[in-house]
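Every read-out reported here was derived from the displayed coordinates using simple, explicitly stated rules and does not represent laboratory data. A quick note: this is a predicted structure, and the numbers were derived from the prediction, not measured. Don't worry about glycine lacking a Cβ; one is built from the backbone with ideal geometry, like all the others, and counts go over all protein chains shown.
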Amino acid sequence: MRHMYIVLDASRTMEDQDLKPNRLTSTLKLLEFFVEEYFDQNPISQLGIIATKNKRAEKLTDLAGNPKKHIEALKRAVDTTCSGEPSLYNSLSLAMQNLKHMPGHTSREVLVIFSSLTTCDPANIYDLIKTLKSTKIRVSIIGLSAEVRVCTVLARETGGTYHVILDESHFKELLMYHVKPPPASSSSECSLIRMGFPQHTLVSISDQDSKPSFSMAHLDSTVGPGLTLGGYYCPQCKAKYSELPVECKVCGLTLVSAPHLARSFHHLFPLDAFKEIPLEEHQGERYLF
């Protein structure tokens, strides 16, 4: 299971047009694609987004496992006015406040999209780097301008990666590198996790005994709650949800389906590297397809 915060630089340098139409718009489009791929490969993981500008940092979305929520926030961010300077210190502090409470068996990650060549911080960032390292938070950075010394130290000390993009296609390639979970360290905690596997209940309008009910997922929705028939019911507390995976808001049980678990599990046992055998050394019959 992964818990990741994306830190998005929204400073004035994001208005540069070396990426078309500008850095901000190009980055947001690629991040939408990244969010979809992230949850496709890590369906029981969580993601959050932080933006930094004017020497401040603010959360666009909290840690959550609903990709639609994050994509909507990224689409709204297109209208953001890029101004001031970013603050790596404030952004990483905000991410750390949320990630340090995550259980030890999960990975704690921060991915920084950094456009500026400077950072305006209220305190010594090298002290913060030591704290990030002690809390086992892995920070990776994708630079849009040029290599920055503090980013190099940050990635090296926390076990992350630091790359600077060449063009938009290289930018996308670097983002996709973070879809696959990082290798777990030997010191990672191991613990059993309770999960529920609710079955989807289908109810037709013609069924006289059927009663419409509210979905718990509407608690976070800006749209008014609607009465619906059927859904996924938590096996522990019987709360209803319209889609999976989700963490039950009543009892805290993680609700998933078997395919979700399988897609997360296959990262633990990757295929061995294929060994190429020259045709001349092949023993046995040969077939042409």
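Quick rundown of the values:
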| item | result |
| --- | --- |
| Reciprocal of mean inverse Cα separation for the chain (Kirkwood radius, Å) | 21.2 Å |
| Per-residue HN-Hα couplings for segment 233-241 [Karplus 6.51, -1.76, 1.60; θ = phi - 60°; Hz; x = Gly/Pro] | 10, 4, x, 9, 10, 6, 5, 9, 9 |
| Mean Cβ neighbour count within 10 Å, used as a protection proxy, ranking 67-73, 119-125, 92-98 highest first | 92-98, 67-73, 119-125 |
| Set of lysines near K180 by C-alpha distance (under 22 Å), chain-local residues within fewer than 8 positions excluded | K29, K68, K69, K100, K133, K136, K172 |
| Highest average packing first - 6-12, 18-24, Cβ atoms within 10 Å | 6-12, 18-24 |
| Contour excess over end-to-end distance, with Cα ends at Y287 and N124 and 0.36 nm allotted per residue | 52.1 nm |
| Options T131, I113, T201, ranked by Cα towards positive dipole end of the chain, top entry (Cβ charges) | T131 |
| Ellipticity estimate at 222 nm from DSSP helix runs (n ≥ 4, -39,500 (n - 2.57)) divided over the chain, nearest 500 | -8500 deg cm²/dmol |
| Sequence-distant lysines (8 or more away, or on other chains) whose Cα lies within less than 21 Å of K211 | K238, K240 |
| Nitroxide proxy distance, nm - points 7 Å out along Cα→Cβ at T228 and A258 | 2.4 nm |
| Kirkwood-based shape ratio for segment 81-131, expressed as Rg/Rh from alpha carbons | 1.01 |
| Cα-projected label distance for S213 with C237, points at 7 Å along beta-carbon direction, nm | 1.3 nm |
| Spin-label model distance (nm) - Q199 vs S169, 7 Å beyond Cα toward Cβ | 5.0 nm |
